[in-house]
Amino acid sequence: MTTGVEKQFSDELTSFFVLILLNIAFGALVMAFGLQFIIMSALAVTGGQTSDVLQVIRGAVGVAGVVLGFSWLYSSTKIMRGLKGIRREYRNRAAPVSDETVIGWIVEMMAHYRENRSTIRWMTLICSFGGCIYLALGIVNIVQGISAGASPGGMVMLGLFFFAAGINLTIGIVTLLLSTWFRRYSASWDCRLAEVSQAEDSLRSAMDQR
Amino acid sequence: MTGRRSTFEIYWEILVFCKTPKFFTGIINRCDLNSKTGQEYLGLLVGKGYLSVIKEGEKTTYAATEKAAEYIALFSRLYQSLFDEIPGFKL
């Protein structure tokens, strides 16, 4: 009876685990890029290159990136913490799996979602916001590349800007995809939470009949 | 099991755990409850006839009754339907 449910549970658990891992990787990337911006602006200021205002803006963007990346990582690890316990239990299961064991996992996932619901919503927002920023950065890189390519001997710069644009656009698209997947995960579990509140009415009336 | 569980989920956990007689301390440890809430839950389940109190000398244990089996079955059916009927998340 539980084989189908167990399979679906296993698929969902694995998918969500992969999603969180991807999220951690991209959070770390955002943080790394933020640090890179800060270091570049600090080096430029000490080296006396270009205007100070530009470097301050670049530094501020870097700080924002580090803060966003840190928040991204923190939220992801918070979700990961609960998930790892459930995954460990699932992986250490002894066959054949009883109905009660499967229901126990479902209850744990439900409790995990209730506890992390707001964090997952926050994650969705962060991913959407981060994705848009990266797409914007990619577009800026393309514009910079085109203007650099128009100047004499600017082909190397054009190549570099287009390479940077490729990286930024890829991160932006994947990050927006992460946000869509988080939305789908939330939609599925919100639906289940709504069903649970109906199920609780049945359980309550069954208990009251006693 | 930790996290935010509903009252009915906690009842289910206690009843499943008490399929064989269990001590109060074992129940609250297994179900991650404190002493006060543990007493409340057990009191309610005993009152509704889902748990029976077994006293052997100074030792008191709790065991799930036949009525508890009905609750466990209904709970399992309802929670399995969450995965049977609602499309799940997959990458």
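Note: relative contact order over the range A:1-115, using C-alpha pairs below 8 Å and six or more positions apart, is 33 percent. With a Förster radius of 51 Å applied to the beta-carbon distance between A:SER197 and A:THR46, the computed FRET efficiency rounds to 0.25.
Loop-located GluC sites (Glu not before Pro) in the range B:26-91 (DSSP state other than H, G, I, E, B) with a sparse environment of at most 11 neighbouring Cβ atoms within 10 Å: B:GLU58. Our summary gives chain A a relative contact order of 20 percent, counting only alpha carbon pairs under 8 angstrom and 6 or more residues apart. Each 5 Å bin from 0 upward holds the following percent of the Cα-Cα pairs of the range A:99-140: 6, 21, 13, 14, 11, 10, 9, 7, 5, 3, 1, 0. The Kirkwood hydrodynamic radius of the range A:1-87, based on inverse pair distances between different Cα atoms, is 15.2 Å. Pairs from the table (A:LYS84/B:LYS67; A:LYS7/A:LYS78; B:LYS36/B:LYS90) lying more than 30 angstrom apart at Cα are A:LYS84/B:LYS67; B:LYS36/B:LYS90.
Leaving ligands and nucleic acids aside, the B/A contact buries around 3800 square angstrom of accessible area in total at a 1.4 Å probe radius.
Site pair A:SER151 and B:ILE54 shows an inter-label distance of 8.6 nm when each label is modelled 7 Å from Cα along Cα→Cβ. Here the range A:19-49 and the range A:138-202 have alpha carbon centers that stand 17 Å from each other.
Taking chain A as a Gaussian network of alpha-carbon nodes connected by springs under 10 Å, the highest mean-square fluctuation of the residues A:GLY159, A:GLY65, A:GLY47 belongs to A:GLY47.
Backbone amide hydrogens, once placed in the peptide plane, bring A:ARG93 within less than 5 Å of nothing, excluding anything fewer than 5 places away on its chain. For B:LYS48, the aspartates and glutamates whose Cα falls under 18 Å of its own Cα, not counting residues fewer than eight places away in the same chain, are A:GLU200, A:ASP201, A:ASP208, B:GLU9, B:GLU13, B:GLU40, B:GLU66, B:GLU70.
For the range B:1-82, what relative contact order do you get, as a whole percent, if you take Cα pairs closer than 8 Å and at least 6 residues apart?
32 percent.
Given R0 = 35 Å, the distance between the Cβ atoms of B:THR7 and A:CYS132 translates into a calculated FRET efficiency of 0.25.
Three principal axis extents of the range A:86-210 based on alpha-carbon atoms, in descending order, are 88, 33, 15 Å.
Here the dipole of the protein assembly as shown is about 400 debye; that uses its Cα centre as origin and unit charges on the Cβ of Lys and Arg (positive) and Asp and Glu (negative). With 0.36 nm allotted per residue and the present C-alpha distance subtracted, the A:GLU115-A:ILE57 stretch has 17.1 nm of extension available.
Ranking A:ILE106, A:ILE24 by solvent-accessible area of protein heavy atoms (1.4 Å probe, all protein chains present), from largest to smallest, gives A:ILE24, A:ILE106. Hey, in the GNM for chain B with a 10 angstrom Cα cutoff, which one of B:THR65, B:THR25, B:THR37 fluctuates hardest? Top of the fluctuation ranking is B:THR37. In plain terms, the bigger the Kirkwood radius, the slower the diffusion; for chain A, with that radius from Cα pairs, at 4 °C and 1.567 mPa s, Stokes-Einstein puts D at 64 µm²/s. Placing dummy labels 7 Å off each Cα toward the beta-carbon, the span from A:PHE163 to A:ARG183 is 3.5 nm.
The values are calculated or read from the model by the stated rules, or taken from the named source; none is laboratory data. Everything numeric here is computed off the predicted structure, so don't read it as measured data. Cβ: placed from backbone, ideal geometry, glycine included. Neighbour counts: every protein chain shown. Just so you know, the surface numbers come from the protein's heavy atoms only, side chains and all, with ligands and any DNA or RNA stripped out. Shrake-Rupley method; radii C 1.70, N 1.55, O 1.52, S 1.80 Å.
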